[in-house]
Amino acid sequence: MDPRQSNAADNAIVVRNLQKSYKDFKVLHGIDITVRRGSILALLGPNGAGKTTTIRILSTLLPPDGGEAQVNGFDVVNQACDVRSSIGLTGQFAAVDEYLTGEENLLMLGRLYRLSQADTRRRTRELLEQFDLVDAARRPVRTYSGGMKRRLDLAMSLIAAPPIIFLDEPTTGLDPRSRLSMWNLIKELARGGATILLTTQYMDEADFLADWIVVIDEGKVIAEGDANSLKSRVGADHVDLTISADSNFALAQQAVDGVQFQANPEQRILTIAANDGVTTLRNILRRLDEAQIEIEGLNMRRPTLDDVFLFLTDNGSHEHAKEIN
Amino acid sequence: MTEITLRSPLQPDRLLAPIQPERRSEMYWLISDSWIMAKRSTMHIIRSMDQVLSLILFPIMFMLLNRYVLGGAIDTGEVSYANFLFAGILIQSLAFGANYTTINLAVDMKEGIVDRFRSLPMSGSALVIGHIAADLVRNVISGIIIIVAGFAVGFRPNASLVEWLYVIGLSLLFTLSISWLSAILGLIVKSLEAAQWAGFVLIFPLTFVSSAFVPTETMPRAIRTFAENQPITHTINAIRAWLVGTPLEDSALLSVVWSIALIVIAVPITNWLFRRHSTQ
Ligand SMILES: Nc1ncnc2c1ncn2[C@@H]1O[C@H](COP(=O)(O)OP(=O)(O)O)[C@@H](O)[C@H]1O
Ligand SMILES: [Mg+2]
C-alpha cells in the first residue's frame with residue numbers, strides 16, 4: 001500500500017522537501033519520504049546518492065537546510081530529544097567502544113537512553129543472550145571478530161526497544177551467508193512491530209526486505225513503489241543481445257538508437273526493454289541486420305531491480321523514452 | 001570473517017516490547033551521563049598500556065634526569081635542587097597528562113561512537129566532561145607517583161598540612177584549566193598524530209620557558225619576561241613557595257586568576273566546537 005496515501009497517525013516517519021548542502025555543494029535536493037508504522041522502507045541508491053546524509057538528518061546528527069522531517073511524530077530540529085528517545089541507529093560502521101567489554105557497552109548505552117538501572121541490567125542480559133554474546137560479554141570489544149562487533153552494534157541500538165530503527169547499509173561488507181542472516185534479523189525485527197528505514201545499494205536487498213522502496217540518485221527521489229511496481233515500470237521483458245566480436249559495438253548502439261536500451265561494452269551486451277514484445281524485437285533485429293551487425297546470442301528475461309535501477313539512474317546507460325515502430 | 005548467524009532465532013516481541021524511560025531532572029541526567037562518560041574514559045586509560053606506562057614512567061624519568069644530569073649544574077641558591085625541582089616536575093607532568101585529553105577526544109571524534117552518543121537522548125557536554133574528569137583522576141595518580149619519586153631523590157618539604165591542601169587545590173585547578181584547553185585542541189585537530197604533536201609543540205616550550213627547572217633570572221630578557229608572566233610559572237612558584245618556603249608574592253593569586261579565566265573561556269568554546277564538529 002502506498003504510504004503517501006495513508007493517515008498521518010499511521011506514519012512513523014514523514015519527510016517533506018528535505019534539503020541539505022555541504023558548503024556550496026548541494027547533496028539533497030528536496031527529498032520526500034513517508035514510512036508507515038511497522039513497515040520496512042528501503043532507501044535505494046548508488047554511492048554518494050545522499051542516503052547517509054538523509055539518515056544523519058533523521059537521527060538528529062545533522063540539521064537540515066530546508067524542508068521538514070518528523071520521526072515518531074516529533075520534529076527532528078525542534079524536538080530532537082524526543083526523536084532520539086524513539087530511534088535506534090546502526091550506522092555504516094560499527095559504533096562500539098573498543099576498550100569496554102560488550103556488557104559494559106550495553107550497560108552504558110542503557111543508562112544514556114534513560115532506562116532505569118534495573119531495566120538496563122535486564123535488557124543487557126537479554127540482548128547478550130539473544131545476540132550470542134554471553135561468552136564474550138566480559139571481554140574488551142577490541143578482541144571481538146567483525147561479526148561479533150556487528151551483533152553488538154545492533155544490540156546496542158535495540159537496548160531501549162526503540163519503535164523506529166535506522167540501518168545504514170546494514171549488509172555492506174558482509175559475506176553472502178552473513179548477509180542472509182542479517183536479512184533474516186531485519187525481517188524478524190519488523191515482525192516484532194519495529195518501523196525500519198534502511199539504506200542499501202543492492203536491489204536484491206531492497207527487493208527481499210522492503211515493503212516500499214524509494215530510489216534516490218544525486219539527492220533526488222527518482223522513483224518509488226513496491227518492488228513489483230518498480231519492476232513493471234521498466235517495461236515488460238528484457239532482451240540481452242550479445243554483439244559478435246567481429247562487429248562494431250558502437251555501430252550497434254547507433255543502430256538501435258531511439259529504443260530504450262542499456263549498453264555494456266565490456267561484455268558487448270545490449271539490453272533492450274521490449275515494451276511491445278515481439279514487435280520490438282523484430283524491429284531491433286531488422287535494424288541490426290541492416291547495419292550488418294552480427295548477433296552472437298539472444299536472451300529474453302523478466303526485468304530485475306538492477307534493470308530498474310540502471311534505467312532510472314542513467315548510470316552509464318542510455319535512457320530513451322521514445323519507442324520505435 | 002564476519003559471522004552474524006545466531007544460534008537461536010530472535011524473539012522480536014520480547015526484544016521490542018516498549019520500555020518506559022526513567023523520569024528524572026535534567027541535572028540528574030547531566031551528572032549521571034558525565035559520571036558514565038568519566039568511567040568510560042577512565043577505563044580507556046586503565047586498559048591502554050601506553051597510557052598507563054606514560055602515566056608512571058614519564059614523571060619518574062624526568063625527575064631522575066633533571067635531578068642527576070642537570071641538577072649539579074644549576075644554582076638554585078639556598079634551596080636544594082631536589083626541593084626546587086619538585087614543583088616543576090609536578091606541574092610539567094600534569095600539563096603533559098592533559099595532552100591525553102586532546103588525544104582521547106580526537107580519537108573519539110574520529111570513530112563512530114560519538115555519532116552514536118549524539119543520537120542518544122544524553123546530555124551533549126557529558127562526553128567532554130567525562131574526558132576531563134578522567135584526566136583529573138589520572139593526574140591525581142600521577143601526582144602521588146611524583147611525590148613518592150620526589151622523596152626518593154631528596155625532596156624535603158617543610159609545608160604544613162594547610163599548605164599541602166593549598167598545593168593540592170591549586171594543582172587540581174591548574175589541571176582542570178589545562179584539560180579544558182586540551183579539549184579544544186582535541187576537537188580542532190583532524191588526526192591522532194596532530195593531537196600528539198599539538199601537545200608536544202605547545203606544552204614542551206611552555207613548561208621549559210617557565211620556572212620549572214631553572215630560576216628565570218638566568219634567561220635572556222625577552223624569554224625571561226615571558227617566563228615570569230605566564231600561568232605555568234605562577235602556578236609553579238606558588239606551589240614551590242608553599243612546599244619549600246621560597247617567596248610566594250602574588251603567584252598564587254595570579255595562578256588562580258589565570259586558571260579560572262582559561263576555564264571560563266574554554267568551556268563555551270569546547271561546547272561550541274563539539275556541536276559544530278558534527279553538524280558539518
Ligand atoms: N561532511 C561532508 N562534507 C562534504 N561533502 C560530503 C560530506 N558528507 C558527504 N558528502 C557528500 O555528499 C554526497 C552524499 O553523501 P552520502 O550521504 O554519504 O551518500 P551515500 O550514503 O548515499 O553514499 C556525496 O557526494 C558525498 O561526497
Ligand atoms: Mg552512505
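The values are calculated or read from the model by the stated rules, or taken from the named source; none is laboratory data. Every value quoted in this text rests on a predicted model; they were computed, and no experiment measured them. We place every Cβ from the backbone using ideal geometry, glycine too, and count neighbours over all the protein chains shown. Heavy atoms of the whole protein, side chains included, go into the accessibility calculation; ligands, DNA and RNA do not. Shrake-Rupley method; radii C 1.70, N 1.55, O 1.52, S 1.80 Å.
Below is a table of values for the structure above.
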| read-out | value |
| --- | --- |
| Theoretical FRET efficiency, 1/(1+(r/R0)^6), r = Cβ-Cβ of B:Arg14 and B:Lys110, R0 51 Å, to 0.05 | 0.90 |
| Rounded accessible area of B:Val209 (nearest 10 Å², 1.4 Å probe) | 40 Å² |
| Calculated FRET value between B:Asp50 and A:Asp306, using beta carbons and R₀ = 56 Å, to 0.05 | 0.70 |
| Set of aspartates and glutamates with alpha-carbon distance to B:Lys39 below 18 Å, sequence-local pairs under 8 removed | A:Asp97, A:Glu98, A:Glu103, A:Glu104, B:Asp108, B:Asp135 |
| Convex hull (Cα only) mean projected area of the protein assembly as shown, reported in nm² to one decimal | 35.4 nm² |
| Separation of the A:Ser116 and A:Glu218 label points, Cα + 7 Å toward Cβ, nm | 5.5 nm |
| Extreme residue, positive dipole direction of the protein assembly as shown, given options A:Trp183, B:Met122, A:Leu28 (C-beta unit charges) | B:Met122 |
| With all protein chains modelled, accessible area of A:Glu103 [1.4 Å, Å²] | 40 Å² |
| Normalised contact order of chain A, rounded percent, pairs of Cα under 8 Å and 6 or more residues apart | 19 percent |
| Principal axis box of the stretch A:1-113, alpha-carbon based, largest edge first, Å | 44, 36, 28 |
| Estimated inter-spin distance, B:Thr5 and A:Asn248, nm [label 7 Å along Cα→Cβ] | 5.4 nm |
| Pairs of Lys in the stretch A:3-230 closer than 23 Å at Cα, counting only those 8 or more apart or on different chains | 10 |
| Label-to-label distance, nm, for residues given as A:Arg177 and B:Ala152 (7 Å Cα→Cβ offset) | 5.4 nm |
| The stretch A:19-117 - charge dipole about Cα centre, Lys and Arg +1 at Cβ, Asp and Glu -1, debye rounded to 20 | 240 debye |
| Cα-centre dipole for the protein assembly as shown with unit charges at Cβ (Lys and Arg positive, Asp and Glu negative), debye to 20 | 1740 debye |
| Within the stretch A:243-277: backbone nitrogen closer than 20 Å to the A:Gln292 label point (7 Å, Cα to C-beta) | A:243-257 |
| Dipole of the stretch A:236-302, positive end: most advanced residue of A:Ile269, A:Leu251, A:Val239 [Cβ charges, Cα centre] | A:Val239 |
| Inter-centroid distance (Cα atoms) of the stretch B:185-237 relative to the stretch A:71-146, Å | 42 Å |
| Inverse of mean 1/r across different Cα pairs in the stretch B:218-257, Kirkwood, Å | 10.3 Å |
| Per-residue SASA entry for B:Tyr166, accessible area with 1.4 Å probe, Å² rounded to 10 | 120 Å² |
| The stretch A:185-282: antiparallel DSSP beta bridges as a percent of all, rounded to 5 | 100 percent |
| Candidates A:Glu104, A:Glu129, A:Glu224, ranked by Gaussian network fluctuation over chain A, Cα under 10 Å, top entry | A:Glu129 |
| Trypsin sites (Lys or Arg not before Pro) restricted to the stretch B:9-115 and DSSP loop, no more than 10 other C-beta within 10 Å | B:Arg23 |
| Choice from A:Asp119, A:Asp211, A:Asp246 with maximal GNM fluctuation in chain A (Cα, 10 Å cutoff) | A:Asp246 |
| Translational diffusion coefficient (Stokes-Einstein; Kirkwood radius from C-alpha pairs) of the stretch A:3-230 at 10 °C, 1.306 mPa s, in µm²/s | 88 µm²/s |
| Expected 222 nm ellipticity per residue - DSSP helices of 4 or more, -39500 (n - 2.57), all of chain B, to 500 | -24500 deg cm²/dmol |
| Förster radius 30 Å - calculated FRET efficiency between B:Tyr68 and B:Val137, Cβ distance, rounded to 0.05 | 0.50 |
| Contact surface B-A: accessible area buried, both sides summed, square angstrom, 1.4 angstrom probe | 5000 Å² |
| Beta bridge orientation in the protein assembly as shown: antiparallel %, DSSP, nearest 5 | 70 percent |
| For chain B: relative contact order, % (alpha-carbon pairs under 8 angstrom, 6 or more apart) | 25 percent |
| Listed residues A:Thr124, A:Thr52, B:Thr218 arranged by accessible area, highest first, probe 1.4 Å | B:Thr218, A:Thr52, A:Thr124 |
